[in-house]
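This report refers to the structure that appears directly beneath it.
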Amino acid sequence: MNQLTIVTKLRLIAAIAPAILLLLAIFLAAAFHVFGGIPRSIVENQYASVRASEGMENSLFKMDWGRSQPDGAQIVLDQTRRFIDYIETARAHMTTRDQAEKIAKIATDAKPLFEALRTAAPGDDSLEPRMRELEGSIADLIGLEEAALFEIAAGAESEARTLIAVTIVGAIVIPWICFYLLVRISGGLFAELKEIRHRVEAIAGGGGADELRGIDESMSKLGFPKPNPMLAE
């Protein structure tokens, strides 16, 4: 295998830094695109889910309050419709299996309860335990949605740390390593060229085989060895 010449080494090192920076630029562009979409995703999903759950809670409170009003049956009916809309909204924006299971439980428990509320007497407190249980399920759903939001925030923070590390390595460490290698190799090149110049001056002054041997050694260090006799034509 032929030895790499000094020119090849310099070209290779000079090409590494721009290539790394190009890849880094593509990576950063993709990362910023992802990070830019996180707030919108939160608003469209987690925030909408929390608002829907809070709407369920509010509708349930209005049903409980409306039972004692003159038009209580109509209030319960209106809030039942709103409650169903909120369930569908929460189901459309759920992101975890736990949320799906909790929404399904709320829907299952709510249907018979609301039917009973429409026919129950205003002072009938027998439905209170079921109302409190449904409120607890809604509170649990809100907790699950907030936990999902915190998980997204933690994931974004972890990705941000990774992005910072990649940026430091790609934009600072690798270019400086390439710069160090260029300085080191060019310093060796300077030393060998200087030695060749001394040898050439010695030959011009009447030197002989030793100077030629020294020039040959310097050229070999720079990646230009003698041709292999076994490969000569």
Next item on the list: Starting from residues that are under 22 Å from Leu12 (Cα atoms) and small (Gly, Ala, Ser), keep the ones in segment 154-177 and report whichever is farthest from the chain's Cα centre (by Cα).
Entry: Ala171
Notebook entry, point to check: If you scan segment 58-89, which residues turn out to be part of a helix (DSSP H, G or I), open to solvent by less than 80 Å² (accessible area, probe 1.4 Å) and either among the polar types (S, T, N, Q) or closer than 19 Å to Ala139 by Cβ (or both)?
Noted result: Asn58, Ser59, Leu60, Lys62, Met63, Asp64, Gln79, Thr80, Phe83, Tyr86, Ile87, Thr89
Check: Just for segment 178-200: of the residues that are touching a helix residue (DSSP H, G or I) at 6+ places or on another chain (Cβ under 6 Å) and within 15 Å of Leu12 (Cβ to Cβ), which one is least open to solvent (accessible area, probe 1.4 Å)?
Finding: Cys178
Next item on the list: Check whether at least one residue in segment 30-52 is among the polar types (S, T, N, Q), in a loop (DSSP other than H, G, I, E, B) and either open to solvent by less than 80 Å² (accessible area, probe 1.4 Å) or in contact with a Lys or Arg (Cβ under 8 Å, 6 or more places away or on another chain) (or both), and report yes or no.
Entry: no
Next item on the list: Determine whether segment 167-187 contains at least one residue that is under 27 Å from Glu44 (Cα atoms) and not hydrophobic (A, V, I, L, M, F, W, C).
Entry: no
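Table: residues versus (1) hydroxyl-bearing (Ser, Thr, Tyr); (2) modelled with pLDDT of 85 or more; (3) more than 25 Å from the chain's Cα centre (by Cα).
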| site | (1), (2), (3) |
| --- | --- |
| Met1 | no, no, yes |
| Ala31 | no, no, no |
| Tyr47 | yes, no, no |
| Arg67 | no, no, yes |
| Pro112 | no, yes, yes |
Note to self: Which pairs turn up if I take residues in segment 72-88 that are in contact (Cβ under 8 Å) with a residue 24 or more places away in the chain and look for partners that are open to solvent by 20 Å² or more (accessible area, probe 1.4 Å) and among the hydrophobic types (A, V, I, L, M, F, W, C) with beta carbon separation below 8 Å, at least 6 apart in sequence or on another chain?
What the structure shows: Ile87/Ala107
Item checked: Any pair with Cβ under 8 angstrom, 6 or more apart, that starts in segment 13-37 at a residue that is within 20 Å of Gly155 (Cβ to Cβ) and ends at one that is among the β-branched types (Val, Ile, Thr) -> Phe27/Val166; Leu28/Thr167
Next item on the list: Could you tell me whether Ala104 is open to solvent by 30 Å² or more (accessible area, probe 1.4 Å) and part of a loop (DSSP other than H, G, I, E, B)?
Entry: no
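The values are calculated or read from the model by the stated rules, or taken from the named source; none is laboratory data. Not measured: the values here are computed from a predicted model. We place every Cβ from the backbone using ideal geometry, glycine too, and count neighbours over all the protein chains shown. Each accessible area value is taken on the protein alone, full model and side chains, heavy atoms only, with ligands, DNA and RNA left out. Shrake-Rupley method; radii C 1.70, N 1.55, O 1.52, S 1.80 Å.
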